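The values are calculated or read from the model by the stated rules, or taken from the named source; none is laboratory data. What you are looking at is a predicted structure, and each value in this text was computed from that prediction instead of being measured. FYI the Cβ positions are ideal-geometry reconstructions off the backbone, even for glycines, and counts take in every protein chain you see.
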Amino acid sequence: MDTFEAPADTGVPRGRFGFEHRPVTDQSFENALAKARSGERLDVDDAIELLTTGTDADGIDDARKELVLEAADRRRAEVVGEAVTFVANLNNNVTTACNTGCLFCNFKDTAANFERDSEVEHAGFTKTPAESRAIVRDALDRGIYEVTSVSGLHPAFALDEDHHEALASYDDPASEVNYKPPERYETDPGTYVEQMRAMSVDGAHLHSMTPEEAYHAKRGTDRSYRETYRRLQEAGLDSVPGTAAEILVDEVRDVICPGKIGTDDWLDAMEAAAEAGLPTTATIMYGHVENEAHRALHLDRVRDLQDRTGAITEFVPLSFVHETTPLYERGVVDGGATVHEDELMIAVSRLYLDNVEHIQSSWVKYGDEQGLKMLSCGADDFMGTILSEEITKRAGGGHGEFRSFDEYARMIRAVGRVPVERSTDYEQRRVLDDEGPHGPELGPRADGTPLLHPAERDPAGEPASADD
Ligand code: SF4
């Protein structure tokens with residue numbers, strides 16, 4: 001079992017950015033906790049009090065923290081009971097080529113390295129639609145239900161042929177709209193529409209096109225997010241991951257991802273996805289330069305969005321994995337969130353988001369041991385099998401890889417909860433109530449056969465495809 005190696009409560013210096021939003025309130029910890037316990041709707045000041053275990057003292061107070069976790073665990077039991085859900089899914093990221101330069105990210109590879117005339121050696125990849133289709137077909141044979149696909153913003157990526165034409169018509173497309181034609185690159189990623197068609201093959205549930213990718217798929221045109229999501233939906237998109245949210249406060253985004261869309265754009269895109277009839281998730285990526293006021297404001301914006309759309313199936317707190325990211329290497333941050341901060345983030349998400357049913361514990365970010373602990377801090381979903389997970393591994397996290405159904409069943413039962421296979425939208429569920437061996441049953445070709453670890457499928461231990 002992996003162990004989580006986050007720092008103890010040594011604290012990360014987060015006061016040096018001169019942010020306008022600071023964790024200062026007129027509320028007391030006791031009042032905020034009383035509201036949380038009674039189920040009254042919390043406000044931003046309440047969330048700050050709970051996240052800080054009281055602004056009346058520095059540092060985290062252990063006894064108060066336990067009270068917050070307890071309230072969140074009780075709320076979880078009331079809302080969703082004892083089930084811990086997970087999904088049989090595959091990560092198929094199409095490309096690591098990206099020029100956006102987010103300082104918390106080490107998934108990207110400078111897009112210029114992928115050009116035909118580049119001599120730079122790099123470990124990045126781009127998959128053609130045919131390659132994506134083959135990977136998905138293989139995964140479906142093994143019982144996978146959901147394909148999650150989040151990619152770098154490759155300059156040759158366009159929504160469709162019309163979009164290629166529109167982008168090429170600019171005088172200087174590379175600098176004006178971050179576009180270069182596919183012929184310039186070693187591998188053509190195809191269009192977004194072609195990739196959607198390739199990956200939604202044979203009844204797979206396709207979970208893709210974050211707000212940032214949707215922006216890239218409409219850049220340089222006056223196409224709306226709604227039209228863009230409709231076109232992608234026609235091509236096979238089933239639901240939208242609410243990643244690229246990071247912290248939905250622009251003064252933080254200006255520091256960590258100045259090349260990305262702003263808070264309002266992110267919210268517009270998510271609302272448009274919901275209007276197109278696509279279920280969504282929402283995330284927060286915390287533990288870098290932001291403070292508790294930013295985290296609280298983020299929760300507030302997500303809750304408002306959910307009041308408007310009702311489309312968010314789950315909220316996913318993602319603890320910043322700092323190793324090998326520019327933020328860490330350039331000395332902007334000294335590390336990630338502490339374990340206390342992680343636990344409080346999960347708990348306050350559960351308490352604040354009274355309109356979002358499921359809170360996810362990401363074992364890829366937290367590791368197994370701490371990931372399980374989060375199930376008693378307000379979380380009820382434990383991610384998916386993720387047959388491949390490049391993003392966190394490339395940022396230095398050691399936890400991305402693969403999780404079998406039997407491992408899930410064993411771990412979840414060990415903490416006294418009920419393991420439940422789910423579909424992406426949580427509509428279909430199956431309790432794993434016998435001794436096993438277990439495999440997925442909800443995928444279009446799932447028959448209960450256990451998923452195999454890639455190394456088990458190939459006696460030589462070689463990956464069976466580029467994505468393993
Ligand atoms: S987070 Fe996404 S958009 Fe930002 S640099 Fe990484 S791959 Fe590119």
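Summary of computed values
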{"quantity": "Residue list for the range 140-152, filter: β-branched (Val, Ile, Thr) and in a loop (DSSP other than H, G, I, E, B)", "calculated": "144, 150"}
{"quantity": "Residues located in the range 23-42, provided they are touching a Lys or Arg at 6+ places or on another chain (Cβ under 7 Å) and not in a loop (DSSP other than H, G, I, E, B)", "calculated": "29"}
{"quantity": "Index of the failed condition, residue 10 passing every other in (1) within 24 Å of residue 367 (Cα to Cα); (2) at pLDDT 95 or above; (3) of a type in the set (Val, Ile, Thr)", "calculated": "(2)"}
{"quantity": "Filter result (assigned to a helix (DSSP H, G or I) and basic (Lys, Arg)) within the range 258-297", "calculated": "295"}
{"quantity": "Meets criteria (closer than 23 Å to residue 231 by Cα and outside any loop (DSSP other than H, G, I, E, B)) for residue 130", "calculated": "yes"}
{"quantity": "Output for the range 125-137, where each listed residue is within 16 Å of the ligand (Cβ to nearest atom) and surrounded by 20 or more Cβ atoms within 10 Å (Cβ to Cβ)", "calculated": "126, 127"}
{"quantity": "Among (1) surrounded by fewer than 21 Cβ atoms within 10 Å (Cβ to Cβ); (2) at pLDDT below 95; (3) not basic (Lys, Arg) - the single one residue 384 does not satisfy", "calculated": "(1)"}
{"quantity": "Search result, residues across the range 309-344 that are buried (at least 21 other Cβ atoms within 10 Å of the Cβ) and without any contact (Cβ under 8 Å) to a residue 24 or more places away in the chain", "calculated": "328"}
{"quantity": "Residue check, residue 177 surrounded by 21 or more Cβ atoms within 10 Å (Cβ to Cβ) and touching a residue at least 12 places away in the same chain (Cβ under 8 Å)", "calculated": "no"}
{"quantity": "Flag for residue 261 being within 17 Å of the chain's Cα centre (by Cα), surrounded by fewer than 22 Cβ atoms within 10 Å (Cβ to Cβ) and under 26 Å from residue 345 (Cα atoms)", "calculated": "yes"}
{"quantity": "Listing of helices (runs of 4 or more DSSP H) fully contained in the range 153-253 that carry 3 or more residues being away from the ligand (no atom under 15 Å from the Cβ)", "calculated": "161-168, 173-177, 192-199, 225-234"}
{"quantity": "Residue within the range 80-90 that is part of a helix (DSSP H, G or I), within 25 Å of residue 424 (Cβ to Cβ) and β-branched (Val, Ile, Thr) present", "calculated": "yes"}
{"quantity": "Search result, residues across the range 254-269 that are farther than 15 Å from residue 288 by Cβ and either within 16 Å of the ligand (Cβ to nearest atom) or among the hydrophobic types (A, V, I, L, M, F, W, C) (or both)", "calculated": "259, 261, 262, 263, 265, 266, 267, 269"}
{"quantity": "Scope the range 349-369; condition modelled with pLDDT of 95 or more, outside any loop (DSSP other than H, G, I, E, B) and either closer than 20 Å to residue 89 by Cα or of a type outside the set (Gly, Ala, Ser) (or both); matching residues", "calculated": "350, 351, 352, 358, 359, 360"}
{"quantity": "The range 95-117 - residue that is over 22 Å from residue 321 (Cα atoms) and touching a residue at least 24 places away in the same chain (Cβ under 8 Å) and, of those, nearest to the ligand (Cβ to nearest atom)", "calculated": "111"}
{"quantity": "Some residue of the range 51-61 being in a loop (DSSP other than H, G, I, E, B) and within 16 Å of the ligand (Cβ to nearest atom)", "calculated": "no"}
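Okay, residues lined up against (1) touching a Lys or Arg at 6+ places or on another chain (Cβ under 7 Å); (2) polar (S, T, N, Q); (3) within 20 Å of residue 51 (Cβ to Cβ):
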site	(1), (2), (3)
332	no, no, no
340	yes, no, yes
361	no, yes, yes
368	no, no, no
387	no, no, no
